[in-house]
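Novice: Have a look at this one before I ask anything.
The values are calculated or read from the model by the stated rules, or taken from the named source; none is laboratory data. Because the structure is predicted, anything quoted here is derived from the model rather than measured. Reconstructed Cβ throughout: ideal geometry from the backbone, glycine too, with neighbour counts over all protein chains shown. Each accessible area value is taken on the protein alone, full model and side chains, heavy atoms only, with ligands, DNA and RNA left out. Shrake-Rupley method; radii C 1.70, N 1.55, O 1.52, S 1.80 Å.
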Amino acid sequence: MGQEHSRKYAHRVYDPAPPGGHWDGDNGRGQSGGGVSRSFPPPTNVPTDDMEGFLYPNPIEDGEAISEREIVRAAHKAAPDKAPGINGVTNRALRQLVRVASHHVRSLFNRCIQEGIQPSHFKKAATIMLRKPGKKDYSDPSSFRPIALLDTLGKVLESIISERLRYAVETHGTLPGTQMGARRQRSVDTALQLITEKVHTIWSGQKKRVASLLSLDVSGALDNVSHTRLLHNMRKRRVPIRLLNWVEDFLKERRTTLTIGGYTMGERPADVGIPQGSPLPPVLYLFCNADLLEQCDDIKWRVSATGFVDDVNILTYGESTERNCRVLGQVYDRREQWARAHGTKSAEKKHELIHFSRTPKRFNTSAGMTLAGHVVDAKPDIRVLGVQLDSKLRWKAHLRQVEAKLVIRHKGASIIESSVFGTSMYAGNASTRR
């Protein structure tokens, strides 16, 4: 009965928004709609004084026309049975289309780039709100991650554009070298290795110094990107003019439906942010964060920043933790200026601070700081790019976390195998040994 009820209402469509405005109240079913306007915020008004009369450098020359080989390679990148967009065409079916009609697809894609156009059908998405794991309160919209299910053919074009953007900026070195993620040979491992090697280098000096790391968190980074600021940053980074024009049209007049808990809300405009659902959004966000990383780097203050898409970690070192906190606070002021210029919202409560030292008794490792009215206390270990870093870089905190996860999974496996319909763990192991 419950399954029949779920199937009956799984695709129920309603539009809780009143004429001419966003809906933030109750829809009569006891469901709060506060997340609707937060998922589709109005375009961010960012200051544009610095853009007026800006002298942009000459753009990188446009590349060659898209080849059939590029199209086939991009079509085979995505998993064949991933969820399709609103037209229901899967990647598996798309591969067959590309195999028999790649010349037609090539003509379409090249025309799109030449004209600087993303077809309107490719701009329509079905946005699914997925729960972020480990959140305590799922009544808070920030505990969900919006994933846009896009047209599969359009995603192939986006994949090709992302590769060409990467190639252009990597070849001409227009992005900071400390910016990781969505770039070749700059993975999570590379970012963590860079941070830890810097700390070890600081420790290896003749003077006893302490390193301090401030890990910053951005609230809804991709969802609140200002299109005006993004295009300005791309021009500063010499993006080829045809790719720039295409991205400008790609961001315009997008529309999407929104599905939350089995209910699908009517189609509405999505005039702000970058839709998450293809390889392109992380590449575009690199242009948003590039200025921030350059502004945070300061040799005189002994400060360096490492970025991974929307994550930024600022490292400094000195003779005392108090000095480090003071410098990090001054650098954070620069970060706030960048945030205002980009319309970015900080998640101050999620900022984390740690002091690295193999001789903690020499320093006040409990020294904290205040950022935008929020107290940030130093912790013995913090989570950086999915890994727990401890103050001595002994990796004990990370091992404890891994062990805790293994215990949970073992309990889950024990519950499954203890069923009267299954085999025992012992019997399973015995049969394996035979």
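Novice: Within segment 366-384, take every residue that is at pLDDT 95 or above and part of a loop (DSSP other than H, G, I, E, B) and give me the one that is nearest to Thr321 (Cα to Cα).
Specialist: Ala367
Novice: Something else now. Run down Ile195, Ile202, Ile274 and say which single residue is without any contact (Cβ under 8 Å) to a residue 60 or more places away in the chain and surrounded by 19 or more Cβ atoms within 10 Å (Cβ to Cβ).
Specialist: On the way: Ile195 fails: without any contact (Cβ under 8 Å) to a residue 60 or more places away in the chain; Ile202 fails: without any contact (Cβ under 8 Å) to a residue 60 or more places away in the chain.
Step by step, each of Ile195, Ile202, Ile274 is checked, and only Ile274 is without any contact (Cβ under 8 Å) to a residue 60 or more places away in the chain and surrounded by 19 or more Cβ atoms within 10 Å (Cβ to Cβ).
Novice: Also, I was wondering about something else. Do we find that Leu149 is assigned to a helix (DSSP H, G or I) and more than 30 Å from Ile354 (Cβ to Cβ) in this structure? Can you show your working first?
Specialist: On the way: assigned to a helix (DSSP H, G or I): no; more than 30 Å from Ile354 (Cβ to Cβ): yes.
For Leu149, the condition - assigned to a helix (DSSP H, G or I) and more than 30 Å from Ile354 (Cβ to Cβ) - is not met.
Novice: Name, by its number, the condition in (1) part of a helix (DSSP H, G or I); (2) open to solvent by 30 Å² or more (accessible area, probe 1.4 Å) that does not hold for Glu267.
Specialist: (1)
Novice: A further question on this structure: In segment 107-146, how many are part of a loop (DSSP other than H, G, I, E, B) and either open to solvent by less than 40 Å² (accessible area, probe 1.4 Å) or of a type in the set (Gly, Ala, Ser) (or both)? I'd like the intermediate steps shown before the answer.
Specialist: Looking only at segment 107-146, we keep the residues that are part of a loop (DSSP other than H, G, I, E, B), and these are 116-119, 132-140.
Add one more test, that the residue is either open to solvent by less than 40 Å² (accessible area, probe 1.4 Å) or of a type in the set (Gly, Ala, Ser) (or both), and what stays is 116, 118-119, 134, 139.
Adding up the residues that qualify gives 5.
Novice: Within 30 Å of Glu64 (Cα to Cα), assigned to a helix (DSSP H, G or I) and either out of contact with any Gly (no Cβ under 9 Å at 6 or more places or on another chain) or open to solvent by 40 Å² or more (accessible area, probe 1.4 Å) (or both): which single residue out of Arg238, Arg164 fits that description?
Specialist: Working: Arg238 fails: assigned to a helix (DSSP H, G or I).
Exactly one of Arg238, Arg164 is within 30 Å of Glu64 (Cα to Cα), assigned to a helix (DSSP H, G or I) and either out of contact with any Gly (no Cβ under 9 Å at 6 or more places or on another chain) or open to solvent by 40 Å² or more (accessible area, probe 1.4 Å) (or both), namely Arg164.
Novice: So, in segment 64-90, exactly how many residues are open to solvent by less than 90 Å² (accessible area, probe 1.4 Å) and farther than 23 Å from Val247 by Cα?
Specialist: Our first condition is that a residue be open to solvent by less than 90 Å² (accessible area, probe 1.4 Å); within segment 64-90, this holds for 65-68, 70-72, 74-75, 78-80, 83-90.
Right, trim to farther than 23 Å from Val247 by Cα and you get 79-80, 83, 88-90.
Result for segment 64-90: 6.
Novice: Can you name every residue in segment 205-227 that is surrounded by fewer than 17 Cβ atoms within 10 Å (Cβ to Cβ) and outside any strand (DSSP E or B)? Steps first, please.
Specialist: Let us first name the residues in segment 205-227 that are surrounded by fewer than 17 Cβ atoms within 10 Å (Cβ to Cβ), namely 205-208, 217, 219.
The answer is Gly205, Gln206, Lys207, Lys208, Asp217.
Novice: Let me ask something else about it. Evaluate segment 345-361: report whether one residue or more is over 17 Å from Asp377 (Cβ atoms), touching a residue at least 60 places away in the same chain (Cβ under 8 Å), over 22 Å from the mean Cα position of the chain (by Cα) and open to solvent by 40 Å² or more (accessible area, probe 1.4 Å).
Specialist: yes
Novice: Filter segment 122-154 down to the residues that are more than 21 Å from Asp271 (Cβ to Cβ) and not acidic (Asp, Glu) and list them by number. Let's see the steps before the verdict.
Specialist: So in segment 122-154, the residues more than 21 Å from Asp271 (Cβ to Cβ) come out as 130-140, 143, 152-153.
Correct list: Leu130, Arg131, Lys132, Pro133, Gly134, Lys135, Lys136, Tyr138, Ser139, Ser143, Thr152, Leu153.
Novice: So, one more: Tell me, please, whether a residue that is part of a strand (DSSP E or B) and at pLDDT 90 or above can be found in segment 272-282. Break it down into steps so the answer makes sense when it comes.
Specialist: Filtering segment 272-282 down to residues part of a strand (DSSP E or B) leaves none.
Checked against the condition, which is being part of a strand (DSSP E or B) and at pLDDT 90 or above, segment 272-282 yields no hits at all.
Novice: Does at least one position in segment 299-311 carry a residue that is open to solvent by less than 30 Å² (accessible area, probe 1.4 Å), closer than 20 Å to Gly205 by Cβ and free of Cβ contacts under 8 Å to residues at least 60 places away in the same chain?
Specialist: Yes; the residues of segment 299-311 include at least one that is open to solvent by less than 30 Å² (accessible area, probe 1.4 Å), closer than 20 Å to Gly205 by Cβ and free of Cβ contacts under 8 Å to residues at least 60 places away in the same chain.
Novice: Next question, about the same structure. Being touching a residue at least 60 places away in the same chain (Cβ under 8 Å) and either open to solvent by 20 Å² or more (accessible area, probe 1.4 Å) or within 18 Å of Ser212 (Cβ to Cβ) (or both) narrows it down to one residue among Glu253, Glu322, Glu336; which is it?
Specialist: From the options Glu253, Glu322, Glu336, the qualifying one is Glu253.
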